[in-house]
Each structure stands twice: as C-alpha cells, then as structure tokens.
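A short worksheet on the structure shown next.
The values are calculated or read from the model by the stated rules, or taken from the named source; none is laboratory data. Computed from a predicted model, the values in this text were never measured in an experiment. Positions of Cβ are backbone-derived with ideal geometry, glycine not excepted, and every protein chain shown enters the neighbour counts. Heads up: the accessible areas ignore ligands, DNA and RNA and are worked out on the full protein's heavy atoms, side chains in. Shrake-Rupley method; radii C 1.70, N 1.55, O 1.52, S 1.80 Å.
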Amino acid sequence: MNLSELSEQAHFIAGQQRVLRAHWNRYGNSLIQAVTLSKASLHLTPASGTDDGLAFWLFDHFLIRVTPEQAFNGHIFNYSVEARDDENRVVIGRARLGDDGVLDGSINIEEREAVLNHFLNIISGIYSAIFQATTRGESLTLASLAQHHAAA
C-alpha cells in the first residue's frame, strides 16, 4: 500500500468518526430536549457532570446512563442504571446507531418523540419495578431492580 492509498483511507476513517460523533451529539440533544420538554411527568432530571455520556436522575435516586461503547468506531449505545451512593452499574439495554443516523434500524435520532419513546421503552422495566415496590411498601435495591428489569 502506498502513501496515497493510506492517506485516502485515513481521510475516510476520520470522516466516519466525525459522522459518528455528530450522530451521538444529535441523539443526546434530541433525548435531553425530549425529556425536558415532555408534558408528561416522568420524574427524570438531566444529570450534570457525567464524563462518559448522558445521564438522568429518576426520582432523584436512580441514575439512568446512556453511554457510547468505548470501542473504536463504536456504534452501540449502552443503557445502564445505578443507585445513588452505589458505584455498581447494571446494563439494562443496548441500541445500535447506524451510519445513517438511525437507531436500531428504525428510530431517526432527530425525531425527539421517537427518541424519547425508544428510551422509555428501554427503561420501562425500571419504572415498573419502582411502582411495584412502592405499591407493596417494599425497599428496592439495585440488585432487586436489576432482577425485576431482567424479568420484564
């Protein structure tokens, strides 16, 4: 392979990486706007100071994170939950971002409502576990939350 071919490949790779970063930023903007502008009372609050992605406090106790995978050219978003004062994270879902800006093959990342519905579908088991624990008067730990979400 000669210098010209390597340069051409490097240019293509750099361009693809810029596109992925732009898609991640658009997805983040769409999700944050959808959550904050939603008329529904979701009890989700964007968290600040997270270095590795997006995060939302749910009922000011559970932190829901959306993070891009750490692999080079990563197309996967990981959704996880953790409890306040607990460093453990439980992965609750994954989504694949296409080069075309479409999430899981059908969600346009620029359509806020679609992005929000996709996100809520992934975390719906968390809401269900919190609701059940609340109606039964039971404590809810991260471990039991993870078990309930896995069963949902």
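Taking Cα atoms only, the orientation of helix 142-151 departs from the longest principal axis of the chain by about 80 degrees. Largest first, the extents of the alpha carbon coordinates of region 38-151 on the three principal axes equal 46, 30, 29 Å.
Axis of helix 112-136 versus longest Cα principal axis of the chain: the two differ by about 30°, to the nearest ten degrees. Reported to the nearest whole Å, the Cα centre-to-centre distance from region 86-129 to region 29-73 is 11. Average accessible surface for the chain: 59 Å² per residue, computed with a 1.4 Å probe over protein heavy atoms with every protein chain in place. Of the residues Leu58, Ser4, Leu31, the one whose Cα sits farthest toward the positive end of the charge dipole of region 1-96, with +1 on the Cβ of Lys and Arg and -1 on the Cβ of Asp and Glu, is Leu31. Element breakdown for region 83-152 at a 1.4 angstrom probe: carbon and sulfur atoms account for 45% of the accessible area.
Enclosing the Cα atoms of region 1-99 in their convex hull gives a volume equal to 119 cubic angstrom per residue. Backbone phi angles across region 86-95, fed through the Karplus curve with coefficients 6.51, -1.76 and 1.60 (θ = phi - 60°), yield HN-Hα couplings of 9, 6, 6, 10, 10, 6, 10, x, 9, 9 Hz in residue order; Gly and Pro are listed as x.
The residue list Ala95, Ala40, Thr67 was ranked by how far each Cα lies along the charge dipole of the chain toward its positive end, using unit charges on Cβ atoms, and Ala40 comes out on top. Give the shape of region 73-138 as rounded, prolate or oblate, defined through the alpha-carbon gyration tensor: a ≥ b ≥ c are the square roots of its eigenvalues, a/c under 1.5 means rounded, and otherwise the shape is prolate if a/b is larger than b/c and oblate if not. Because a/c hits 1.5 or more and a/b fails to exceed b/c, region 73-138 counts as oblate.
Annotation: peptides 106-116, 6-16, 31-41, ranked by per-residue average of other Cβ atoms within 10 Å with the highest first, follow the order 106-116, 31-41, 6-16. The chymotrypsin sites (Phe, Trp or Tyr not before Pro) of region 31-100 that meet both conditions, a loop assignment by DSSP and at most 16 other Cβ atoms within 10 Å of the site Cβ, are Phe59, Phe72.
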